[in-house]
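Working notes, beginning with the structure itself.
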Amino acid sequence: MWQSEMALTVQRDVDATLIPSGDKVSLRAGTLVNVTQALGNAYTVHVDGNLVRVAGADGDALGLVVLAQEDINAEPISVEEKVWMQLRTCYDPEIPVNMVDLGLIYACILTPLGHDDVHVAITMTLTAPGCGMGPVLVKEIEEKLRQIREVKSVKIDLVFDPPWSKDHMTDEAKLQLGLL
């Protein structure tokens with residue numbers, strides 16, 4: 001995670017996602033940006049008064065390292081632990097806390113499908129109901145969970161009742177954000 005913003009110039013054209021609308025945008029080579037965070041496998045950058053999210057796989061476009069994720073299947077842990085580990089690699093692009101510790105994951109239920117296969121059902125929310133990043137974050141979670149060999153299907157319900165509040169956050173997240 002960055003301790004402060006880092007200014008740099010975009011090295012090549014790169015696709016990005018506008019925060020919080022979720023709209024697709026392109027950053028052109030030569031554009032000056034400020035990196036505000038590098039978490040999970042994405043960069044959040046400030047450009048022309050806006051925040052945008054750049055996939056970690058495109059880190060080279062920012063002149064930075066490509067953020068790759070370890071193979072979750074190599075971990076000698078249970079499927080449920082793998083699911084929670086993957087969920088902890090998903091970050092709100094505006095807040096440097098993973099979605100689990102931020103309290104956005106309300107429920108995670110694994111249902112056996114036979115042999116070692118499972119279905120994962122997630123109930124989650126967002127910090128604000130009007131956030132356009134919802135579909136982007138849901139897609140990211142689904143993609144990361146599908147990387148687990150035993151996960152054969154994923155269903156994610158995005159809900160706003162009960163509404164999210166800082167009371168849902170872990171004490172560690174509150175401490176990290178200066179709320180304790």
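The values are calculated or read from the model by the stated rules, or taken from the named source; none is laboratory data. Given the structure is predicted, the values throughout are model-derived calculations rather than measurements. Note: ideal-geometry Cβ built from the backbone for every residue, glycine included; neighbour counts use all protein chains shown. The accessibility values were calculated without ligands, DNA or RNA, using every heavy atom of the protein model including side chains. Shrake-Rupley method; radii C 1.70, N 1.55, O 1.52, S 1.80 Å.
Structure data summary
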{"item": "Of residues in segment 149-169 being in contact with a Ser or Thr (Cβ under 9 Å, 6 or more places away or on another chain) and among the β-branched types (Val, Ile, Thr), the one surrounded by the fewest Cβ atoms within 10 Å (Cβ to Cβ)", "result": "159"}
{"item": "Checking residue 156 against (1) part of a strand (DSSP E or B); (2) in contact (Cβ under 8 Å) with a residue 40 or more places away in the chain; (3) under 25 Å from residue 52 (Cβ atoms), the condition it does not meet", "result": "(2)"}
{"item": "Check on residue 21, surrounded by fewer than 20 Cβ atoms within 10 Å (Cβ to Cβ), small (Gly, Ala, Ser) and part of a strand (DSSP E or B)", "result": "no"}
{"item": "Candidate set from segment 115-147 (those that are touching a strand residue (DSSP E or B) at 6+ places or on another chain (Cβ under 7 Å) and polar (S, T, N, Q)); member that is least open to solvent (accessible area, probe 1.4 Å)", "result": "125"}
{"item": "Cross-chain or 6+ apart pairs with Cβ under 9 Å, segment 59-80 first and more than 21 Å from residue 30 (Cα to Cα), then modelled with pLDDT of 90 or more and basic (Lys, Arg)", "result": "69/144; 72/82; 72/144; 72/149; 73/82; 73/149; 75/82; 79/149"}
{"item": "Scan of segment 24-71 for residues that are among the acidic types (Asp, Glu) and either at pLDDT below 90 or surrounded by 13 or more Cβ atoms within 10 Å (Cβ to Cβ) (or both), ordered by number", "result": "58, 70"}
{"item": "Search result, residues across segment 48-65 that are in a strand (DSSP E or B) and within 13 Å of residue 15 (Cβ to Cβ)", "result": "52, 53, 54, 55"}
{"item": "Filter pass, residue 180 being exposed (fewer than 12 other Cβ atoms within 10 Å of the Cβ) and of a type in the set (A, V, I, L, M, F, W, C)", "result": "yes"}
{"item": "Check on residue 68, in a loop (DSSP other than H, G, I, E, B) and more than 20 Å from residue 132 (Cα to Cα)", "result": "yes"}
{"item": "Residue match in segment 28-47 (condition: part of a strand (DSSP E or B) and aromatic (Phe, Trp, Tyr))", "result": "yes"}
{"item": "Some residue of segment 113-135 being assigned to a helix (DSSP H, G or I) and at pLDDT below 95", "result": "yes"}
